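*Asks:* Encoded as C-alpha coordinates, here's the structure I'll be asking about.
The values are calculated or read from the model by the stated rules, or taken from the named source; none is laboratory data. These numbers come from a predicted model, not from an experiment. All Cβ positions, glycine included, derive from the backbone under ideal geometry; neighbour counts span all protein chains shown. Heavy atoms of the whole protein, side chains included, go into the accessibility calculation; ligands, DNA and RNA do not. Shrake-Rupley method; radii C 1.70, N 1.55, O 1.52, S 1.80 Å.
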Amino acid sequence: MEFQAVIMAAGTGSRMREITSGIPKCLLPVGNVPLIMCSLNIVKKAGFSSAIVIVRENEKVKIQSAIEDKFGLKLDIIAIPKNEDWGTADSLRYIKDKIKSHVVVLSCDIISDFNLQNMLNVHRCQGSSLTILLVPFLKSLKEADMPGSKKKCKFERDVIAMDSNGKLIFINSEADFEETVPFKLSILEQNSEVKVYSNLMDAHVYIIKKDLVNFIVNNEHISTLKGEFLPAAVKKQFTSKKQNDKVECEASLSSLLNQDWIDLKKLAFDLSSAFSGRILKPALEDELICFSYIDRDCFCTRINTLVAYADINKKITKNFSIMGVEPIKTHQYPKSQVDAESVVGENSELLAKASIKQTALGSNCKLSEKVKMTNSIVMDNVTFGKECSIQNSIICSNVVLEDNCSFKNSIIGPDQTIKTLTKLNSEILHGSEHLMQI
(Lines give C-alpha, C1' and ligand atoms only; values in the text may rest on other atoms or scores of the structure.)
Protein backbone atom coordinates (compact mmCIF):
# COMPACT_ATOMS: atom_id res chain seq x y z
CA MET A 1 0.00 0.00 0.00
CA GLU A 2 1.90 3.03 -1.30
CA PHE A 3 -0.76 5.66 -0.52
CA GLN A 4 -3.77 5.90 1.76
CA ALA A 5 -6.68 8.22 1.01
CA VAL A 6 -8.01 10.42 3.81
CA ILE A 7 -11.13 12.53 3.29
CA MET A 8 -11.71 15.36 5.74
CA ALA A 9 -15.46 15.56 6.42
CA ALA A 10 -15.58 16.88 9.98
CA GLY A 11 -15.96 20.55 9.07
CA THR A 12 -18.97 22.41 10.41
CA GLY A 13 -19.44 24.68 7.39
CA SER A 14 -18.86 27.79 9.48
CA ARG A 15 -19.16 30.05 6.41
CA MET A 16 -22.51 28.50 5.52
CA ARG A 17 -24.25 28.14 8.88
CA GLU A 18 -27.45 29.44 7.31
CA ILE A 19 -27.84 26.08 5.52
CA THR A 20 -25.73 23.65 7.57
CA SER A 21 -27.59 23.93 10.89
CA GLY A 22 -29.72 20.92 10.00
CA ILE A 23 -27.35 18.85 7.86
CA PRO A 24 -23.65 17.89 7.89
CA LYS A 25 -21.71 20.01 5.43
CA CYS A 26 -20.46 16.96 3.54
CA LEU A 27 -24.07 15.88 2.86
CA LEU A 28 -25.26 19.17 1.39
CA PRO A 29 -27.11 18.24 -1.80
CA VAL A 30 -25.40 19.11 -5.06
CA GLY A 31 -28.02 18.36 -7.68
CA ASN A 32 -29.60 15.80 -5.31
CA VAL A 33 -26.27 14.08 -4.61
CA PRO A 34 -24.36 14.50 -1.31
CA LEU A 35 -21.37 16.83 -1.68
CA ILE A 36 -18.84 14.25 -0.44
CA MET A 37 -19.65 11.92 -3.35
CA CYS A 38 -17.26 13.84 -5.61
CA SER A 39 -14.28 13.28 -3.29
CA LEU A 40 -15.13 9.58 -3.09
CA ASN A 41 -15.36 9.44 -6.89
CA ILE A 42 -11.95 11.14 -7.29
CA VAL A 43 -10.39 8.53 -4.99
CA LYS A 44 -12.11 5.62 -6.73
CA LYS A 45 -11.11 6.77 -10.23
CA ALA A 46 -7.48 6.98 -9.09
CA GLY A 47 -7.51 3.27 -8.27
CA PHE A 48 -8.00 3.31 -4.51
CA SER A 49 -10.01 0.45 -3.01
CA SER A 50 -10.42 2.04 0.42
CA ALA A 51 -10.46 5.39 2.16
CA ILE A 52 -10.50 6.84 5.66
CA VAL A 53 -13.28 9.37 6.20
CA ILE A 54 -13.01 11.67 9.23
CA VAL A 55 -16.35 12.93 10.55
CA ARG A 56 -17.78 14.42 13.72
CA GLU A 57 -19.08 12.01 16.34
CA ASN A 58 -22.65 13.33 16.34
CA GLU A 59 -22.87 13.09 12.53
CA LYS A 60 -21.30 9.66 11.98
CA VAL A 61 -24.51 7.62 11.72
CA LYS A 62 -26.13 10.00 9.25
CA ILE A 63 -23.01 10.22 7.06
CA GLN A 64 -22.34 6.49 7.19
CA SER A 65 -25.88 5.76 6.07
CA ALA A 66 -25.53 8.14 3.11
CA ILE A 67 -22.15 7.04 1.74
CA GLU A 68 -21.36 3.46 2.65
CA ASP A 69 -21.49 0.88 -0.14
CA LYS A 70 -20.83 3.61 -2.73
CA PHE A 71 -18.32 3.12 -5.56
CA GLY A 72 -17.23 -0.23 -4.10
CA LEU A 73 -14.88 1.57 -1.70
CA LYS A 74 -14.13 0.13 1.72
CA LEU A 75 -14.68 3.09 4.02
CA ASP A 76 -13.20 3.42 7.49
CA ILE A 77 -15.33 6.17 9.00
CA ILE A 78 -13.57 7.66 12.03
CA ALA A 79 -15.41 10.01 14.38
CA ILE A 80 -13.64 12.79 16.22
CA PRO A 81 -15.16 14.10 19.48
CA LYS A 82 -18.08 16.38 18.63
CA ASN A 83 -17.11 19.13 21.09
CA GLU A 84 -13.49 19.43 19.97
CA ASP A 85 -12.58 22.48 17.88
CA TRP A 86 -9.95 20.68 15.84
CA GLY A 87 -8.24 21.69 12.64
CA THR A 88 -7.35 19.34 9.80
CA ALA A 89 -3.85 18.66 11.15
CA ASP A 90 -5.35 17.79 14.53
CA SER A 91 -7.69 15.33 12.81
CA LEU A 92 -4.80 13.72 10.92
CA ARG A 93 -2.88 13.41 14.19
CA TYR A 94 -5.92 11.72 15.76
CA ILE A 95 -5.73 8.83 13.26
CA LYS A 96 -1.94 8.46 13.40
CA ASP A 97 -2.16 4.77 14.31
CA LYS A 98 -4.12 4.04 11.13
CA ILE A 99 -1.60 5.71 8.82
CA LYS A 100 0.85 3.10 7.56
CA SER A 101 2.09 4.79 4.36
CA HIS A 102 2.10 8.08 2.46
CA VAL A 103 -1.30 9.80 2.40
CA VAL A 104 -3.53 11.69 -0.01
CA VAL A 105 -5.68 14.15 1.91
CA LEU A 106 -8.80 15.57 0.27
CA SER A 107 -11.40 17.95 1.57
CA CYS A 108 -14.99 16.73 1.34
CA ASP A 109 -16.05 19.99 -0.29
CA ILE A 110 -14.12 19.75 -3.56
CA ILE A 111 -16.07 19.40 -6.82
CA SER A 112 -13.63 18.55 -9.60
CA ASP A 113 -12.82 16.32 -12.53
CA PHE A 114 -9.05 16.58 -12.07
CA ASN A 115 -7.08 13.35 -12.46
CA LEU A 116 -5.62 12.32 -9.11
CA GLN A 117 -3.65 9.50 -10.73
CA ASN A 118 -1.76 12.01 -12.88
CA MET A 119 -0.99 14.06 -9.80
CA LEU A 120 0.33 10.95 -8.02
CA ASN A 121 2.55 10.13 -11.00
CA VAL A 122 4.05 13.63 -11.02
CA HIS A 123 4.56 13.44 -7.25
CA ARG A 124 6.56 10.22 -7.70
CA CYS A 125 8.63 11.52 -10.61
CA GLN A 126 9.61 14.67 -8.74
CA GLY A 127 10.53 12.77 -5.59
CA SER A 128 8.31 15.20 -3.73
CA SER A 129 7.69 15.15 0.00
CA LEU A 130 4.56 17.28 -0.36
CA THR A 131 2.53 18.03 -3.47
CA ILE A 132 -0.48 20.34 -3.47
CA LEU A 133 -3.14 20.79 -6.15
CA LEU A 134 -3.47 24.34 -7.50
CA VAL A 135 -6.23 25.37 -9.91
CA PRO A 136 -7.36 28.68 -11.41
CA PHE A 137 -9.80 30.62 -9.25
CA LEU A 138 -13.26 30.52 -10.83
CA LYS A 139 -14.09 33.98 -12.15
CA SER A 140 -17.79 33.12 -12.16
CA LEU A 141 -17.81 33.20 -8.35
CA LYS A 142 -16.94 36.89 -8.36
CA GLU A 143 -19.99 37.61 -10.49
CA ALA A 144 -22.47 35.24 -8.80
CA ASP A 145 -25.33 36.52 -6.67
CA MET A 146 -25.29 35.43 -3.04
CA PRO A 147 -28.72 34.50 -1.68
CA GLY A 148 -29.66 36.00 1.65
CA SER A 149 -27.65 39.21 1.42
CA LYS A 150 -27.16 42.28 -0.71
CA LYS A 151 -23.51 42.40 0.30
CA LYS A 152 -20.79 41.10 -1.95
CA CYS A 153 -19.04 37.96 -0.83
CA LYS A 154 -15.39 38.36 0.17
CA PHE A 155 -12.97 35.87 -1.32
CA GLU A 156 -9.69 34.91 0.26
CA ARG A 157 -6.85 34.63 -2.22
CA ASP A 158 -3.64 32.73 -1.78
CA VAL A 159 -0.23 34.24 -2.44
CA ILE A 160 1.92 31.46 -3.90
CA ALA A 161 5.53 31.60 -5.10
CA MET A 162 7.44 28.84 -6.84
CA ASP A 163 10.55 28.37 -8.91
CA SER A 164 10.59 27.54 -12.63
CA ASN A 165 10.25 23.81 -11.83
CA GLY A 166 7.16 24.22 -9.69
CA LYS A 167 8.96 23.88 -6.36
CA LEU A 168 7.06 25.79 -3.71
CA ILE A 169 8.94 28.70 -2.18
CA PHE A 170 6.14 30.51 -0.42
CA ILE A 171 2.44 29.95 0.31
CA ASN A 172 0.24 32.01 2.58
CA SER A 173 -3.22 33.49 2.61
CA GLU A 174 -3.61 37.07 1.41
CA ALA A 175 -5.20 37.87 4.78
CA ASP A 176 -1.85 37.27 6.50
CA PHE A 177 -0.37 40.43 4.96
CA GLU A 178 -1.25 44.10 4.82
CA GLU A 179 0.36 45.77 1.81
CA THR A 180 3.58 43.89 1.08
CA VAL A 181 4.67 40.25 0.98
CA PRO A 182 8.17 39.66 2.43
CA PHE A 183 10.63 37.30 0.75
CA LYS A 184 13.94 36.25 2.24
CA LEU A 185 16.97 37.47 0.31
CA SER A 186 18.66 34.08 0.66
CA ILE A 187 15.74 32.39 -1.11
CA LEU A 188 15.86 34.88 -3.95
CA GLU A 189 19.59 34.36 -4.26
CA GLN A 190 19.11 30.61 -4.61
CA ASN A 191 16.47 30.92 -7.34
CA SER A 192 17.14 32.82 -10.52
CA GLU A 193 13.43 32.84 -11.38
CA VAL A 194 10.57 33.15 -8.92
CA LYS A 195 6.97 33.20 -10.09
CA VAL A 196 4.37 34.72 -7.78
CA TYR A 197 0.67 33.94 -8.26
CA SER A 198 -2.47 35.38 -6.72
CA ASN A 199 -4.94 33.86 -9.19
CA LEU A 200 -4.43 30.21 -8.23
CA MET A 201 -6.52 28.42 -5.64
CA ASP A 202 -5.30 25.84 -3.17
CA ALA A 203 -7.82 23.05 -3.84
CA HIS A 204 -7.09 21.35 -0.49
CA VAL A 205 -5.77 18.16 -2.08
CA TYR A 206 -2.41 17.21 -0.59
CA ILE A 207 -0.06 14.27 -1.15
CA ILE A 208 2.06 13.93 2.00
CA LYS A 209 4.96 11.55 2.60
CA LYS A 210 4.87 9.40 5.73
CA ASP A 211 7.75 11.22 7.43
CA LEU A 212 5.93 14.53 6.96
CA VAL A 213 2.89 12.96 8.60
CA ASN A 214 5.21 12.11 11.50
CA PHE A 215 6.32 15.75 11.49
CA ILE A 216 2.65 16.77 11.97
CA VAL A 217 2.20 14.19 14.72
CA ASN A 218 5.27 15.41 16.61
CA ASN A 219 4.39 19.12 16.38
CA GLU A 220 1.11 19.31 18.26
CA HIS A 221 0.93 23.11 18.01
CA ILE A 222 0.28 22.72 14.27
CA SER A 223 -3.52 22.60 14.10
CA THR A 224 -4.38 23.17 10.44
CA LEU A 225 -2.91 21.84 7.22
CA LYS A 226 -3.55 24.93 5.10
CA GLY A 227 -2.72 27.78 7.47
CA GLU A 228 0.04 26.24 9.59
CA PHE A 229 1.45 23.00 8.18
CA LEU A 230 1.97 24.19 4.59
CA PRO A 231 3.98 27.33 5.50
CA ALA A 232 5.99 25.28 8.02
CA ALA A 233 6.78 22.55 5.48
CA VAL A 234 7.75 25.03 2.77
CA LYS A 235 9.99 26.89 5.22
CA LYS A 236 11.61 23.67 6.39
CA GLN A 237 12.90 23.03 2.85
CA PHE A 238 15.42 25.80 3.42
CA THR A 239 16.42 24.77 6.94
CA SER A 240 19.79 23.11 7.42
CA LYS A 241 19.45 19.34 7.20
CA LYS A 242 22.32 18.59 9.57
CA GLN A 243 20.63 18.93 12.94
CA ASN A 244 21.58 15.53 14.40
CA ASP A 245 17.93 15.07 15.37
CA LYS A 246 18.26 17.72 18.08
CA VAL A 247 15.71 20.46 18.70
CA GLU A 248 16.70 23.77 17.15
CA CYS A 249 17.72 26.40 19.66
CA GLU A 250 18.03 30.12 19.09
CA ALA A 251 21.57 31.36 19.66
CA SER A 252 22.03 34.54 21.62
CA LEU A 253 23.69 37.50 19.91
CA SER A 254 26.68 37.35 22.26
CA SER A 255 27.38 33.71 21.47
CA LEU A 256 27.21 34.46 17.75
CA LEU A 257 29.70 37.29 18.05
CA ASN A 258 32.13 34.97 19.81
CA GLN A 259 32.12 32.50 16.90
CA ASP A 260 35.02 32.48 14.45
CA TRP A 261 32.65 32.21 11.47
CA ILE A 262 29.01 33.25 11.06
CA ASP A 263 26.72 31.95 8.33
CA LEU A 264 25.04 35.26 7.49
CA LYS A 265 22.54 33.69 5.08
CA LYS A 266 21.34 31.25 7.71
CA LEU A 267 21.22 33.97 10.33
CA ALA A 268 19.19 36.25 8.06
CA PHE A 269 16.79 33.42 7.29
CA ASP A 270 16.32 32.51 10.96
CA LEU A 271 15.73 36.10 11.99
CA SER A 272 13.28 36.88 9.17
CA SER A 273 11.15 33.75 9.28
CA ALA A 274 7.53 34.49 8.46
CA PHE A 275 6.39 31.38 10.33
CA SER A 276 5.67 31.46 14.06
CA GLY A 277 8.55 31.41 16.50
CA ARG A 278 7.61 28.00 17.87
CA ILE A 279 10.28 25.33 17.86
CA LEU A 280 9.65 22.62 15.28
CA LYS A 281 10.56 19.08 16.25
CA PRO A 282 12.34 17.28 13.41
CA ALA A 283 10.77 14.13 12.03
CA LEU A 284 12.21 14.04 8.54
CA GLU A 285 14.42 11.24 7.32
CA ASP A 286 14.96 12.49 3.77
CA GLU A 287 15.45 15.85 2.15
CA LEU A 288 12.20 17.79 2.13
CA ILE A 289 10.94 19.08 -1.24
CA CYS A 290 7.52 20.67 -1.74
CA PHE A 291 5.97 20.93 -5.20
CA SER A 292 2.82 22.28 -6.76
CA TYR A 293 0.69 20.41 -9.26
CA ILE A 294 -1.11 22.98 -11.41
CA ASP A 295 -4.09 21.82 -13.46
CA ARG A 296 -5.42 24.71 -15.55
CA ASP A 297 -7.72 22.59 -17.70
CA CYS A 298 -9.82 20.79 -15.11
CA PHE A 299 -13.07 21.95 -13.60
CA CYS A 300 -12.53 22.57 -9.90
CA THR A 301 -14.26 24.50 -7.17
CA ARG A 302 -14.56 24.27 -3.42
CA ILE A 303 -17.98 24.50 -1.82
CA ASN A 304 -16.98 26.52 1.22
CA THR A 305 -19.22 29.59 0.80
CA LEU A 306 -22.86 30.21 0.00
CA VAL A 307 -21.88 31.74 -3.32
CA ALA A 308 -19.91 28.63 -4.30
CA TYR A 309 -22.78 26.38 -3.21
CA ALA A 310 -25.37 28.30 -5.19
CA ASP A 311 -23.04 28.52 -8.21
CA ILE A 312 -22.27 24.78 -8.41
CA ASN A 313 -25.96 23.88 -8.33
CA LYS A 314 -26.48 26.05 -11.40
CA LYS A 315 -23.74 24.16 -13.26
CA ILE A 316 -24.01 20.61 -12.02
CA THR A 317 -26.65 19.33 -14.45
CA LYS A 318 -24.16 19.87 -17.28
CA ASN A 319 -21.33 18.20 -15.35
CA PHE A 320 -23.08 15.49 -13.38
CA SER A 321 -20.48 12.86 -14.24
CA ILE A 322 -18.15 14.68 -11.82
CA MET A 323 -20.19 13.33 -8.90
CA GLY A 324 -19.65 9.75 -10.01
CA VAL A 325 -23.29 8.73 -9.70
CA GLU A 326 -26.32 9.10 -11.91
CA PRO A 327 -28.67 11.93 -10.92
CA ILE A 328 -32.11 11.01 -9.72
CA LYS A 329 -34.03 10.93 -12.96
CA THR A 330 -36.62 13.58 -13.55
CA HIS A 331 -40.07 12.09 -13.69
CA GLN A 332 -42.69 13.08 -16.24
CA TYR A 333 -45.15 15.69 -15.08
CA PRO A 334 -47.66 16.19 -17.91
CA LYS A 335 -49.49 19.10 -16.27
CA SER A 336 -46.37 20.96 -15.10
CA GLN A 337 -43.01 22.09 -16.48
CA VAL A 338 -39.48 20.93 -15.60
CA ASP A 339 -36.69 22.28 -17.80
CA ALA A 340 -33.59 20.32 -18.83
CA GLU A 341 -31.37 22.17 -16.34
CA SER A 342 -33.39 21.05 -13.32
CA VAL A 343 -33.38 17.85 -11.29
CA VAL A 344 -36.24 16.44 -9.24
CA GLY A 345 -35.75 14.06 -6.33
CA GLU A 346 -37.54 10.81 -5.63
CA ASN A 347 -41.17 10.87 -4.54
CA SER A 348 -41.54 14.57 -5.26
CA GLU A 349 -44.88 15.76 -6.62
CA LEU A 350 -45.67 18.66 -8.95
CA LEU A 351 -49.31 19.57 -9.31
CA ALA A 352 -51.00 21.30 -12.24
CA LYS A 353 -49.24 24.32 -13.75
CA ALA A 354 -46.26 24.12 -11.39
CA SER A 355 -43.00 25.17 -13.04
CA ILE A 356 -39.31 24.78 -12.15
CA LYS A 357 -36.35 26.15 -14.09
CA GLN A 358 -32.62 25.80 -13.31
CA THR A 359 -33.55 24.31 -9.95
CA ALA A 360 -32.42 21.35 -7.84
CA LEU A 361 -35.49 19.97 -6.07
CA GLY A 362 -34.95 17.41 -3.31
CA SER A 363 -36.82 14.23 -2.47
CA ASN A 364 -40.32 14.01 -0.96
CA CYS A 365 -41.21 17.58 -1.92
CA LYS A 366 -44.67 18.78 -2.97
CA LEU A 367 -45.40 21.73 -5.24
CA SER A 368 -49.03 22.78 -5.25
CA GLU A 369 -50.82 24.38 -8.18
CA LYS A 370 -49.13 27.28 -10.00
CA VAL A 371 -45.91 27.24 -7.98
CA LYS A 372 -43.13 29.00 -9.94
CA MET A 373 -39.52 28.31 -9.08
CA THR A 374 -36.39 29.61 -10.83
CA ASN A 375 -32.68 29.26 -10.17
CA SER A 376 -33.14 27.82 -6.68
CA ILE A 377 -32.09 24.96 -4.41
CA VAL A 378 -34.69 23.05 -2.42
CA MET A 379 -33.66 20.31 -0.01
CA ASP A 380 -35.77 17.31 1.08
CA ASN A 381 -39.29 17.26 2.52
CA VAL A 382 -40.40 20.76 1.53
CA THR A 383 -44.06 21.58 0.86
CA PHE A 384 -45.19 24.59 -1.20
CA GLY A 385 -48.67 26.02 -1.02
CA LYS A 386 -50.54 27.34 -4.02
CA GLU A 387 -49.06 30.08 -6.22
CA CYS A 388 -45.76 30.45 -4.41
CA SER A 389 -42.97 32.21 -6.31
CA ILE A 390 -39.32 31.36 -5.58
CA GLN A 391 -36.34 33.03 -7.28
CA ASN A 392 -32.61 32.57 -6.64
CA SER A 393 -33.22 31.17 -3.16
CA ILE A 394 -32.19 28.25 -0.96
CA ILE A 395 -34.81 26.40 1.06
CA CYS A 396 -33.59 23.83 3.60
CA SER A 397 -35.25 20.57 4.62
CA ASN A 398 -38.60 20.14 6.38
CA VAL A 399 -40.00 23.56 5.52
CA VAL A 400 -43.70 24.24 4.89
CA LEU A 401 -44.67 27.29 2.84
CA GLU A 402 -48.30 28.23 2.94
CA ASP A 403 -50.11 29.80 -0.04
CA ASN A 404 -48.89 32.80 -2.03
CA CYS A 405 -45.43 33.13 -0.52
CA SER A 406 -42.87 35.06 -2.56
CA PHE A 407 -39.09 34.72 -2.02
CA LYS A 408 -36.27 36.35 -3.94
CA ASN A 409 -32.54 36.02 -3.16
CA SER A 410 -33.40 34.56 0.25
CA ILE A 411 -32.48 31.60 2.47
CA ILE A 412 -34.93 29.65 4.61
CA GLY A 413 -33.39 27.52 7.36
CA PRO A 414 -34.72 24.05 8.23
CA ASP A 415 -37.88 23.02 10.12
CA GLN A 416 -39.99 26.14 9.65
CA THR A 417 -43.55 26.96 8.70
CA ILE A 418 -43.87 30.13 6.63
CA LYS A 419 -47.24 31.83 6.81
CA THR A 420 -49.49 32.76 3.89
CA LEU A 421 -48.53 35.83 1.82
CA THR A 422 -45.02 36.09 3.29
CA LYS A 423 -42.71 38.10 1.02
CA LEU A 424 -38.93 38.13 1.36
CA ASN A 425 -36.15 39.82 -0.62
CA SER A 426 -32.48 39.21 0.25
CA GLU A 427 -33.30 37.90 3.71
CA ILE A 428 -32.28 34.93 5.84
CA LEU A 429 -34.64 33.07 8.16
CA HIS A 430 -32.85 30.78 10.57
CA GLY A 431 -34.56 27.75 12.03
CA SER A 432 -35.19 29.51 15.32
CA GLU A 433 -37.08 32.39 13.69
CA HIS A 434 -40.82 32.40 13.07
CA LEU A 435 -42.63 34.78 10.74
CA MET A 436 -46.14 36.01 11.26
CA GLN A 437 -48.46 36.67 8.34
CA ILE A 438 -47.69 39.91 6.52
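*Asks:* Of the accessible area of region 92-131, with the probe set at 1.4 angstrom, what percent is carbon plus sulfur?
*Replies:* In region 92-131, the share of accessible area belonging to carbon and sulfur is 46 percent.
*Asks:* Using a probe radius of 1.4 Å on heavy atoms only, what accessible surface per residue do you get for region 1-127? Whole Å² is fine.
*Replies:* Accessible area per residue, region 1-127: 41 Å².
*Asks:* Could you give the alpha-carbon Rg of region 328-429 over 2.2 N^0.38 Å, rounded to two decimals?
*Replies:* Output field value: 0.93.
*Asks:* Would you check the accessible area of Phe170, probe 1.4 Å, heavy atoms only, in square angstrom rounded to 10?
*Replies:* Rounded to the nearest 10, the figure is 20 Å².
*Asks:* Note down the accessible area of Thr224, probe 1.4 Å, to the nearest 10 Å².
*Replies:* Taking all protein chains as shown, Thr224 has close to 50 Å².
*Asks:* Provide the per residue accessible area, probe 1.4 Å, for region 328-429, rounded to a whole number of square angstrom.
*Replies:* Accessible surface, normalised per residue, equals 43 Å².
*Asks:* Right, another one. How charged is the neighbourhood of Ser348? Take every other residue with its Cβ under 11 Å from the Cβ of Ser348, and add Lys/Arg as +1 and Asp/Glu as -1.
*Replies:* Net charge around Ser348: -2.
*Asks:* Could you report the accessible area of Cys125 in Å², rounded to 10, computed with a 1.4 Å probe on the protein chains as they sit in the structure?
*Replies:* Around 120 Å² of this residue is reachable by solvent.
*Asks:* Continuing with this model, one more query. Carbon and sulfur atoms: what percent of the 1.4 Å accessible area of region 328-429 do they account for?
*Replies:* The nonpolar share, carbon plus sulfur, comes to 42 percent.
*Asks:* Can you tell me the FRET efficiency between Gln126 and Val196 if r is taken as the Cβ-Cβ distance and R0 is 22 Å, rounded to the nearest 0.05?
*Replies:* According to the calculation, E is roughly 0.60.
*Asks:* In nm, what is the difference between 0.36 nm times the number of residues separating Asn115 and Ser65 and their Cα-Cα distance?
*Replies:* Full-extension gain reported as 15.3 nm.
*Asks:* Round to a whole angstrom and tell me the spacing of the C-alpha centers of region 43-114 and region 353-388.
*Replies:* Centre-to-centre distance over Cα atoms comes out at 33 Å.
*Asks:* Convert each backbone phi in region 108-113 into a coupling constant with the Karplus relation 6.51 cos²θ - 1.76 cosθ + 1.60 (shift: θ = phi - 60°), then list the ³J(HN,Hα) values in order as whole Hz, x for Gly and Pro.
*Replies:* Karplus-based 3J(HN,Hα) across region 108-113 equals 6, 9, 8, 10, 7, 10 Hz.
*Asks:* So what are the ³J(HN,Hα) numbers for region 407-421, from phi and the Karplus equation (6.51, -1.76, 1.60; θ = phi - 60°), rounded to whole Hz, Gly and Pro as x?
*Replies:* 10, 9, 6, 10, 10, 10, x, x, 6, 10, 10, 9, 6, 3, 6
*Asks:* Quick one: what are the phi-derived ³J(HN,Hα) couplings along region 334-343, Karplus 6.51/-1.76/1.60 with θ = phi - 60°, whole Hz, x for glycine and proline?
*Replies:* Couplings: x, 9, 9, 10, 10, 7, 5, 9, 10, 10 Hz.
*Asks:* Moving on to the next point. Please compute, over every Cα-Cα pair in region 26-147, the percentage with a separation greater than 20 angstrom.
*Replies:* Of all Cα-Cα distances in region 26-147, 52 percent exceed 20 Å.
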